[in-house]
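Just below is one structure, and these are the notes that go with it.
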Amino acid sequence: MYRVWNFLTNYSLLLILGAIIALIWANTNPSGYHHFVEFVIWDHAPIGHLHDGHRTLTLHYLVNDILMALFFAIAAKEVWEAVTLKSGSLRGKKAATPLFATAGGMIGPISVYLGLAMLMGSDTYDAVANGWAIPTATDIAFSYLVGRLVFGAGHPAVRFLLLLAIADDAAGLIILAIFYPSGDLAPEWLLMSFGAAIAVYLLFNWLPRRLDRGNQARPNSTMVRRSLGGLPYIIAGCISWYGFMMSGLHPALGLLPIVPAIPHADRAFGIFAEAEQYLHDLLNVMEHALKHPVEIILFFFGLLNAGVEFSSMGDATWLVLAGLIIGKPVGILIFGWIAAVPMRLGIPEGMRIIDLVVIGCVAAIGFTVSLFVASVAFDAGPVQDAAKMGALFSFAAAIISIVAGKVFRVEKHRL
């Protein structure tokens, strides 16, 4: 239990606290809460929401569109490692079945969400259809925590779940970029973002290493690291973020082009691995430096996004819940079985096919990313609030997962 509590405090406690405070505040003093969320920091600012022909920087915009870029950058770092490194968890045959299961874990929720919406009638479908991506999300931290509780830390299903969640994050980033722009698209501004990434990579990563060829002491790389540290990448990140904002893509994704440009070790131990703290390449050093600031950012994200009144429950609430709690397990089971049995890709030793159902229940905890998608899928109002309530209620998947573990006789594996 100590390990569970330690994990919770490291990755999730402040987020939960922010969400709880928001729920209490919104249901006891809704006008005060919404005034706080839309508090204007800077009117006629160079960045922010467009309002009456000028940009206004609000507290909500600061957290959701600017500071959450750091959260998505960390997620992108994990995906980048998993895909590109030789030891990456999403490379080779070992990742094939989890990747198929991930596809099922997205197609299943979308099918359930849109299918039920169509059955509710055209008016309901038109009102909620843009939220189809909300139930595709899997909250990595909470799912990993519940997975350890259900399967035990040493069970291969936990590793399978983690691979699935990382792949889900990668797909989620793509969906946000393509299907949920923050304004009118002006893709020419992306030249600024990718230009900044290419320039900082060539000047401060590739060139020093090129000059150091054959020299074990690596004087140029060391000089650049000691004298500049992460400053060039921070500046490039700001330029890239601005390019994303002006392009119409969601600016919270603005740091993604910079992540691959930062010097990185040729190996990684994996997300949540304690050994990661012993890697001293610049990308890992920057990630470790961001850990506590991002925890605080997630507190404010929960505070500014989870404040919905219980009376706001509606069709979108039940559609999001159905997509997560029904669509995720069914989709993961079907696609995982197809990959493991007919396609003969197999599953990890020590796992059973029926464990895919339990993994699907655990992966149905959407929370953080589902809340974020709900905030960009709908304009502020009853439908957005109802969808957010569904994302919050997805915590019920934790209880369902524990029950499913008992029903399907999951045997816990300790480390």
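Every read-out reported here was derived from the displayed coordinates using simple, explicitly stated rules and does not represent laboratory data. Given the structure is predicted, the values throughout are model-derived calculations rather than measurements. So basically every Cβ, Gly included, is an ideal-geometry build from the backbone, and we count neighbours across all protein chains shown.
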All other residues with a Cβ under 14 Å from the Cβ of His155 taken together, and with Lys, Arg as +1 and Asp, Glu as -1, what is their net charge? +3
What does the charge count near Leu203 come to, summing +1 for each Lys or Arg and -1 for each Asp or Glu among other residues with Cβ under 12 Å from its Cβ? +2
For the stretch 382-394, take each phi angle, set θ = phi - 60°, evaluate the Karplus expression 6.51 cos²θ - 1.76 cosθ + 1.60, and give the result in whole Hz per residue in order, putting x for glycine and proline. x, 5, 4, 4, 5, 5, 4, 4, x, 5, 5, 5, 5
In which sequence would Glu411, Glu38 go, from the one with the fewest C-beta neighbours within 10 Å to the one with the most? Glu411, Glu38
Expressed as a percent, the portion of alpha-carbon pairs in the stretch 35-126 spaced more than 23 Å apart is 60 percent
How high is the relative contact order of the stretch 272-415, in percent, counting Cα pairs under 8 Å that sit 6 or more residues apart? 30 percent
Please report, for the Cα atoms of the stretch 349-398, the Rg to one decimal and the Dmax as a whole number; what are they, in angstrom? 14.3, 48
Please report, in whole Å³, the volume per residue of the convex hull around the C-alpha atoms of the stretch 286-342. 122 Å³
Taking only the alpha-carbon atoms of the stretch 52-197, what semi-axes of the equivalent ellipsoid follow from 5 times the gyration tensor eigenvalues under a square root, in whole Å, largest first? 29, 24, 15
Using the Kirkwood formula on alpha carbons, the hydrodynamic radius of the chain in angstrom works out to 22.2 Å
Evaluated at 20 °C and 1.002 mPa s, the Stokes-Einstein D of the stretch 160-225 based on the Kirkwood radius over Cα pairs, in µm²/s, stands at 139 µm²/s
With the contact rule set at Cα under 8 Å and sequence spacing of 6 or more, what percent relative contact order holds for the chain? 29 percent
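Counting other C-beta atoms within 10 Å, which of Arg210, Arg218, Arg225, Arg414 has the fewest, and how do the rest follow? Before the final figure, lay out the partial values.
Details: Arg210 11, Arg218 15, Arg225 18, Arg414 7.
Going from least to most buried by this count: Arg414, Arg210, Arg218, Arg225.
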In whole Hz and in residue order, list the ³J(HN,Hα) couplings for the stretch 54-65 that follow from phi through the Karplus curve 6.51 cos²θ - 1.76 cosθ + 1.60, θ = phi - 60°; x for Gly and Pro. 9, 8, 10, 8, 9, 4, 4, 5, 4, 7, 5, 9
Please report Cys238, Cys361 as a ranked list, fewest other C-beta atoms within 10 angstrom at the top and most at the bottom. Cys238, Cys361
Tell me the net charge near Ile347. Cut-off is 14 Å between Cβ atoms, Ile347 excluded, with +1 for each Lys or Arg and -1 for each Asp or Glu. +3
Hey, how many Å between the Cα centroid of the stretch 169-233 and the Cα centroid of the stretch 353-407? 34 Å
